[in-house]
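Working notes for the structure below.
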Amino acid sequence: MKGNEAVAEAAIRAGCKCFFGYPITPQNELPAYFAKKLQASGGVFLQAESEIAAINMVLGAASAGVRSMTSSSSPGISLKAEGISYIAGSDLPCVIVNVQRGGPGLGSIQPSQADYLQATKAMGHGDFHVIVYAPCSVQEMVDTVFKAFEIADLYRMPVMILADGLLGQMMEPVSFPDFTLSEPTKKWAADGHGGKRKKNIINSLFLQPDDLERTIRERFARYDEIKARETEAELYMTEDADIVLVAYGATARVVKSAVNLAREQGIKAGLVRPVTLWPFPEKELNEGAQNARALLCCEMSMGQMVDDVKLAINCSKPVTFYGRTGGSIPSPTEILEEIKRIGGVV
Amino acid sequence: MTHEILAAGFGGQGVLFLGRVLAQAGLIDGKEVSWFPSYGPEMRGGTCNCSVCLSEKPIGSPLVTHPSVLIAMNTPSLEKFIDFVVPGGVVICDSTMVDTEVSRDDVKAFSIPASQLAADNDLKGGANIILIGKLIKETGVFTRETFKKAIEKIVPPEREHLIAGNLRAAEIGINS
């Protein structure tokens, strides 16, 4: 199954009842799959007139307490930024998928990871975060979708799955785990009260500064909880590693191959793969890098994650960067050369 | 053993389908598999290729840059990728469509007039499967039984009548 299709199938199984989207390569198989399957499972698929309309439809459906999703690729995600900020400001759960392509502007339609900063730091205006997951295989995309809906409901906030054209377009074998739907009762939902309870109001406008500050501080207290509980990373061959590479998503696969090549040549390389990009796995990175002399950050961008890596280890070790951008995918041999260049000890 | 296969040709020759059959066959044999298409603007009437990895180990990059097997369905594809084939690798050409010779002597090159054979045997569009037959014959990447299971799995029920043609096409390649 293609990554894009697998995401849609997983979402339907996770109880997603509304999908709103607007076409853009390389994520088109995702809405196409929903278009074929969602209605049959009692949901609504709607191709909106624009990305902006789609994200605001998500806001509406989420307000009514319905599991909702939208997906797009980089330029389309930028258009959704305003709506995502409103959703965060309204404390609404939803899942947003970004199958990244090269940017800026219309860029290219090839795989990229150049939306890292947007996703982790500035997904819209205002003081807020979205939880960002970065799966690295089609199977992990599936598993992440289930988790994303649960986490979104648990913390009442948007969750982003940050994929890329490579993960969206590739096919891999995939299995769908048995999933028991455990959607919580949403007492806050504006789903019609029939005169039987107090009305619920979904709102992101607070004209009194004190009121707004209070809601933001409440939200940030929740963020602290998320940082403590939901941070995830994969550590690969880091125990004795001289050089620790840091990479996420599709690039992490390439880096894993490079680490294996390096090990075959006697170079002690390892990989720390952030699974959550926000919150960033600081503790896990420090654990993985404790015996390293140097860190090498690899991305399909000009180095958007490097600062997070440096901050996480408090600049205690040299951090260098190797990346390709604009839709180019690095090869394992390129990365191996870079490992050697920064001094892989044989 | 890891096979990194690159299949390339014009859009419409069934390059992506060829790749899917290989990936499905690998899956049936219990291997780790990945399939990654070129999805750029070149698909619209131009060249088209897809990467398939079959391995006993988890697959790193699904993008094949240095193939161990190159299947070339036209001249531009052979010219574009021949230099990247690993030494000792296998190159299979559809000689109806490829009008140049393989320029390297450190690879195992095979050619078969797959498109012509498809036309002669009333198997329109079957050149891709004939090439898979040739691949089975020359590399033993999987067996004809595995191929049969893969085809039966991939061809949708409403097109079941196409299975026999695909099996016949593969036999032409295997017996060439």
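The values are calculated or read from the model by the stated rules, or taken from the named source; none is laboratory data. Just so you know, these numbers come straight off a predicted model, no measurement behind them. Cβ atoms come from the backbone with ideal geometry, glycine included; neighbour counts cover every protein chain shown.
Of all residues being polar (S, T, N, Q) and part of a loop (DSSP other than H, G, I, E, B) in region A:110-149, which is modelled with the lowest pLDDT? Just the residue, please.
A:Gln110
Each row is one residue, and each column tells you yes or no for (1) of a type in the set (Phe, Trp, Tyr); (2) over 30 Å from A:Cys136 (Cβ atoms); (3) without any contact (Cβ under 8 Å) to a residue 12 or more places away in the chain; (4) out of contact with any helix residue (DSSP H, G or I) (no Cβ under 9 Å at 6 or more places or on another chain).
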{"residue": "B:Gly40", "(1), (2), (3), (4)": "no, no, yes, yes"}
{"residue": "B:Met73", "(1), (2), (3), (4)": "no, yes, no, no"}
{"residue": "B:Ser77", "(1), (2), (3), (4)": "no, no, no, no"}
{"residue": "B:Asp94", "(1), (2), (3), (4)": "no, yes, no, no"}
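Here is a list: B:Ile92, B:Ile5. Which entry is within 14 Å of chain A (Cβ to nearest Cβ) and crowded, with 18+ Cβ neighbours inside 10 Å?
Going through B:Ile92, B:Ile5 in turn, just one is within 14 Å of chain A (Cβ to nearest Cβ) and crowded, with 18+ Cβ neighbours inside 10 Å: B:Ile5.
Return the only residue of A:Thr215, A:Thr238 being over 21 Å from the mean Cα position of the chain (by Cα), surrounded by 13 or more Cβ atoms within 10 Å (Cβ to Cβ), among the β-branched types (Val, Ile, Thr) and not assigned by TED's automatic domain parsing to the domain that holds A:Asp307.
A:Thr215
Here is a yes/no grid of residues against (1) buried (at least 16 other Cβ atoms within 10 Å of the Cβ); (2) more than 11 Å from chain A (Cβ to nearest Cβ); (3) part of a strand (DSSP E or B):
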residue: B:Leu18; (1), (2), (3): yes, yes, no
residue: B:Ala25; (1), (2), (3): yes, yes, no
residue: B:Pro58; (1), (2), (3): no, no, no
residue: B:Pro62; (1), (2), (3): yes, no, no
residue: B:Ile71; (1), (2), (3): yes, yes, yes
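Filter region B:39-56 for residues that are surrounded by 21 or more Cβ atoms within 10 Å (Cβ to Cβ) and among the polar types (S, T, N, Q); which is modelled with the lowest pLDDT?
Taking the candidates together, the pick is B:Asn49.
Of all the residues that make up region A:41-85, how many are in contact with a Pro (Cβ under 9 Å, 6 or more places away or on another chain) and among the acidic types (Asp, Glu)?
1
All but one of (1) without any contact (Cβ under 8 Å) to a residue 40 or more places away in the chain; (2) assigned to a strand (DSSP E or B); (3) away from chain A (no Cβ under 14 Å) hold for B:Ser34, so report the exception by its number.
(3)
Restricting region A:31-75 to residues that are out of contact with any strand residue (DSSP E or B) (no Cβ under 6 Å at 6 or more places or on another chain) and among the aliphatic types (A, V, I, L, M), which is nearest to A:Gly194 (Cα to Cα)?
Restricting to residues being out of contact with any strand residue (DSSP E or B) (no Cβ under 6 Å at 6 or more places or on another chain) and among the aliphatic types (A, V, I, L, M), the top hit is A:Ala64.
Scan region A:174-194 and tell me whether some residue there is assigned to a helix (DSSP H, G or I) and acidic (Asp, Glu).
no
Any residue that is under 18 Å from A:Arg219 (Cα atoms), in the same structural domain as A:Gln27 (by TED's automatic domain parsing) and either part of a loop (DSSP other than H, G, I, E, B) or in contact with a Pro (Cβ under 8 Å, 6 or more places away or on another chain) (or both) - is there at least one of those in region A:98-105?
Looking for residues that are under 18 Å from A:Arg219 (Cα atoms), in the same structural domain as A:Gln27 (by TED's automatic domain parsing) and either part of a loop (DSSP other than H, G, I, E, B) or in contact with a Pro (Cβ under 8 Å, 6 or more places away or on another chain) (or both), one finds none in region A:98-105, hence no.
Any residue at all in region A:182-202 that is hydroxyl-bearing (Ser, Thr, Tyr) and loosely packed, with under 12 Cβ neighbours inside 10 Å?
yes
How many residues are within 20 Å of A:Tyr86 (Cβ to Cβ) and aliphatic (A, V, I, L, M) if we restrict to region A:1-57?
Within region A:1-57, residues that are within 20 Å of A:Tyr86 (Cβ to Cβ) and aliphatic (A, V, I, L, M) number 7.
Those residues that are in a loop (DSSP other than H, G, I, E, B), within 14 Å of chain B (Cβ to nearest Cβ) and buried (at least 19 other Cβ atoms within 10 Å of the Cβ), I need them from region A:150-173; list them, please.
A:Met170, A:Glu172
If a residue has to be within 23 Å of A:Thr185 (Cα to Cα) and crowded, with 18+ Cβ neighbours inside 10 Å to count, how many in region A:21-44 make the cut?
Of the residues in that region, 2 qualify.
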